[in-house]
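Chemist: Could you have a look at this structure, given as structure tokens, before my questions?
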Amino acid sequence: MALTVHELPSKINVLTGTPESVIAPAVIQRVEEIWQRESALRGNELFNGRLFSVRDIDANAITGWMTDYRHFVAQQRAPELYNELKIRPLAVTGALLCDDGVTFGRRTSRAIMDADLWELTPSGSVDDVAAGEDGRLSLAVSIQTELQEEIGIQARELLLPPTPFVVIEDPYSHVIDIGMFLRVRCRASAILERFSQVKHPEHTMLKVVAIDAIPDFRRAQGKSLAEVSAAMLDVLMPGLLSREQSS
């Protein structure tokens, strides 16, 4: 199934509301059984936090509700549960540009999604960290949190506020990913040094690829590059190349 590119809402308002529906007891039991099985396999690596599930995307806003992460894990392991749970997790993926190029990370083999694949980084689900008191979620806060946790770069080091540039939905996983452009002024060596100090890395390796070398990197990785990241690069590369040629 092909990825779906949504029209980018003009203001990217993300609004929380009530859950889609009440979950039947039999479904809750199935979710719990799957969660216990995954917990036995992954131990302390698995944590049941909350994530934002999308109900609708239109020209004005992305609307949805907060749900348990365990529901999404169960839906991933038993795709037929989507008919009952209807979880479409909202995620953010950063296209992090430094003086030497764009940052990619290789996911661990134990990741729930895209295990062992290369992806644009940082990335992660939109959760309670992004929630404000007015019922809105801040995508900037979400991607900045991932940036610090995955690479060790803080929000104040960004040259510009995070800028959304695309919304992509994976019809198989139902994840809706918002690409966010990030810019820091440092060399690749500084990024790799920060990454080496991360206590619980979500990637086994980090690589900074020069803009003009990204097409070769994509060909070399082939299917080892996550599909959503590849689709984001299709949107991002013309602007990056123009920036490179004018600098």
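Chemist: Compute the accessible area per residue over the chain, keeping the other protein chains in place, probe 1.4 Å, unit Å². Don't skip to the answer; put the middle values down first.
Modeler: Values: 12400 Å² over 247 residues.
With the other protein chains kept in place, the chain gives 50 Å² per residue.
Chemist: Express the carbon and sulfur contribution to the solvent-accessible surface of the chain as a percent, rounded to the nearest whole number, probe 1.4 angstrom.
Modeler: Working: 6160 of 12400 Å².
That fraction is 50 percent.
Chemist: Using Stokes-Einstein with the Kirkwood hydrodynamic radius over Cα pairs, what translational diffusion coefficient do you get for the range 80-158 at 37 °C and a viscosity of 0.692 mPa s, in µm²/s rounded to a whole number?
Modeler: Details: Rh = 14.2 Å.
Rounded to a whole number, D works out at 232 µm²/s.
Chemist: Kindly provide the Kirkwood hydrodynamic radius of the range 182-221 in Å, to one decimal, from all pairs of distinct alpha carbon atoms.
Modeler: Values: mean 1/r = 0.0847 Å⁻¹.
Kirkwood radius, the range 182-221: 11.8 Å.
Chemist: Can I ask one more? Which one of Leu192, Leu233, Leu41 has the biggest mean-square fluctuation once the chain is modelled by GNM with Cα springs under 10 Å?
Modeler: Highest fluctuation of the listed residues: Leu41.
Chemist: Still on this structure, I have one more. What Kirkwood hydrodynamic radius do you get for the chain when you take the inverse of the mean 1/r over all pairs of distinct Cα atoms, in Å? Show your work: numbers first, answer last.
Modeler: Working: mean 1/r = 0.0534 Å⁻¹.
Result for the chain stands at 18.7 Å.
Chemist: If you restrict to DSSP beta bridges whose two residues both lie in the chain, what percentage is antiparallel, to the nearest 5? Provide the component values of the computation, followed by the final result.
Modeler: Numbers: 35 of 48 bridges.
Restricted to the chain, the bridges split so that about 75 percent are antiparallel.
Chemist: For Asp234 and Met205 in the same chain, what is the full-extension length gain: residue separation times 0.36 nm, less their Cα-Cα distance, in nm? Mind showing how you got there, number by number?
Modeler: Working: separation 29, 0.36 × 29 = 10.44 nm, distance 2.30 nm.
My answer for the length gained is 8.1 nm.
Chemist: Let me ask another. The range 61-84 to the range 110-185: how many Å between their Cα centroids?
Modeler: 19
Chemist: Specify the residue with the greatest mean-square fluctuation among Ser109, Ser21, Ser142, computed from a Gaussian network of the chain linking alpha-carbon atoms under 10 Å apart.
Modeler: Between Ser109, Ser21, Ser142, it is Ser21 that shows the largest mean-square fluctuation.
The values are calculated or read from the model by the stated rules, or taken from the named source; none is laboratory data. As the structure is a prediction and not an experimental result, all values here were calculated from the model. What goes into the accessible areas is simple: the full protein's heavy atoms, side chains included, and nothing from ligands, DNA or RNA. Shrake-Rupley method; radii C 1.70, N 1.55, O 1.52, S 1.80 Å.
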